[in-house]
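A.B. asks: My questions will all concern the structure given below.
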Amino acid sequence: MALDFPNQSRSYDKNGGRVRFTGHDGMFEVMFFIRADALSDPAEGEASYLAAFDAARETIYDAARKIYLKGRKAVYVLTAADFT
């Protein structure tokens, strides 16, 4: 099956400096994080990071699909390098 993102929820992990979101491959839930420094220049703070995620959601999902195809992992972390 293909990776899909039916659940639009996301949350900010302040300690990790990243935004958490999940995808689904059939019945399997796949956890993703995107580092805050990979987002488009958000100001400090949860609301800003989540707004930056929302603004780039489709681009983030496309990058997540690409790294997911490279091999199964328990957790995936997207960095700025995944968007070049």
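A.B. asks: Determine the pairs where a residue that is among the basic types (K, R), located within segment 32-47, has a partner that is open to solvent by 30 Å² or more (accessible area, probe 1.4 Å) and part of a loop (DSSP other than H, G, I, E, B) with Cβ atoms under 7 Å apart, the partner being 6 or more residues away or on another chain.
C.D. replies: These pairs meet every condition: R35/T79.
A.B. asks: Which members of segment 51-70 meet the condition of being open to solvent by less than 20 Å² (accessible area, probe 1.4 Å) and modelled with pLDDT of 95 or more?
C.D. replies: F53, I60, Y61, A63, A64
A.B. asks: Conditions first: (1) closer than 16 Å to A64 by Cα; (2) within 13 Å of the chain's Cα centre (by Cα); (3) modelled with pLDDT under 95. G17 passes all but one, so which condition is the exception?
C.D. replies: (1)
The values are calculated or read from the model by the stated rules, or taken from the named source; none is laboratory data. As the structure is a computational prediction, the values presented were derived from the model and not from experiment. Don't worry about glycine lacking a Cβ; one is built from the backbone with ideal geometry, like all the others, and counts go over all protein chains shown. Quick note on the areas: whole protein, heavy atoms, side chains included, nothing else; ligands and nucleic acids left out. Shrake-Rupley method; radii C 1.70, N 1.55, O 1.52, S 1.80 Å.
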